[in-house]
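See below for the structure under consideration.
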Amino acid sequence: MAADMADAGRALPPDRRQSETALMIARGVRRLLRGHGYFSVTELPLVDGRRADVVAVNGDGEVVIVEIKSSPADFRADRKWRDYLPACDRLYFAISEHTPAALMPEEAGLILADSYGAEILREADPRRIAPATRRAVLLRFAQAAADRLHRLADPAGVWET
């Protein structure tokens, strides 16, 4: 069975939506979050149709969204980050050492990441999301995680998108 799972992992095509820098930042961020007791998924579609770069949930049901910015140009071109605020208890930006921290808004937390890990440079202000929104985000999170595991276990399956 372990060999089947390893083969399934190799059969999945790489996700080409993100740059190599963004993938590197995501890896480090997810390692940091895991170390703090959060479970995460990437590229999670939210109720409003936006897709969050990293969404993490801990055992208490706290929802964290991390918006990855791979360069100053990436930040300047994308102003949708405020739309994530109603869908999370904490919002962070994650950058590499090549993006100036001073460019990131003070209204969100800040994470510095590389391929091996990350550190929180500025904590995000906690807020409480509405119970109905929390439920919707948690359901989307669970469905996405289960679907991704299913696709790993059955890469030859027929998938509707």
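The values are calculated or read from the model by the stated rules, or taken from the named source; none is laboratory data. Since the structure is predicted, the reported quantities are computational estimates derived from the model, not experimental observations. When we count neighbours, we look across all protein chains shown, and the Cβ atoms used for this are built from the backbone with ideal geometry, even at glycine.
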Find the residue count for region 20-57, including only residues that are in a loop (DSSP other than H, G, I, E, B) and either out of contact with any helix residue (DSSP H, G or I) (no Cβ under 8 Å at 6 or more places or on another chain) or not acidic (D, E) (or both). 6
Just to be sure, is Y84 aromatic (F, W, Y) and more than 17 Å from A22 (Cα to Cα)? yes
Which pairs have Cβ atoms under 8 Å, sit 6 or more apart or on different chains, and link a residue in region 49-71 that is closer than 15 Å to H36 by Cβ to one that is exposed (fewer than 14 other Cβ atoms within 10 Å of the Cβ)? N58/H36; N58/G37; G59/G37
Condition first: under 19 Å from I120 (Cβ atoms) and at pLDDT 95 or above. Can you find one or more residues in region 45-52 that meet it? yes
With respect to L33, determine if the residue is farther than 17 Å from R122 by Cα, surrounded by 14 or more Cβ atoms within 10 Å (Cβ to Cβ) and hydrophobic (A, V, I, L, M, F, W, C). no
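Any residue that is assigned to a loop (DSSP other than H, G, I, E, B), out of contact with any helix residue (DSSP H, G or I) (no Cβ under 6 Å at 6 or more places or on another chain), small (G, A, S) and loosely packed, with under 12 Cβ neighbours inside 10 Å - is there at least one of those in region 73-82? Walk me through how you get there before you give the answer.
Pass one, region 73-82, residues assigned to a loop (DSSP other than H, G, I, E, B): 78-79.
Now drop any that are not out of contact with any helix residue (DSSP H, G or I) (no Cβ under 6 Å at 6 or more places or on another chain), which leaves 78-79.
Checking the rest, the ones that are also small (G, A, S) come to none.
No, region 73-82 contains no residue that is assigned to a loop (DSSP other than H, G, I, E, B), out of contact with any helix residue (DSSP H, G or I) (no Cβ under 6 Å at 6 or more places or on another chain), small (G, A, S) and loosely packed, with under 12 Cβ neighbours inside 10 Å.
Among the residues of region 111-127 satisfying the criterion of being among the aliphatic types (A, V, I, L, M) and surrounded by fewer than 19 Cβ atoms within 10 Å (Cβ to Cβ), which is nearest to the chain's Cα centre (by Cα)?
Among residues in region 111-127 that are among the aliphatic types (A, V, I, L, M) and surrounded by fewer than 19 Cβ atoms within 10 Å (Cβ to Cβ), the one nearest to the chain's Cα centre (by Cα) is I120.
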Scanning region 83-109 for residues that are among the hydrophobic types (A, V, I, L, M, F, W, C), surrounded by fewer than 19 Cβ atoms within 10 Å (Cβ to Cβ) and more than 15 Å from L46 (Cβ to Cβ) gives A101, A102, L103
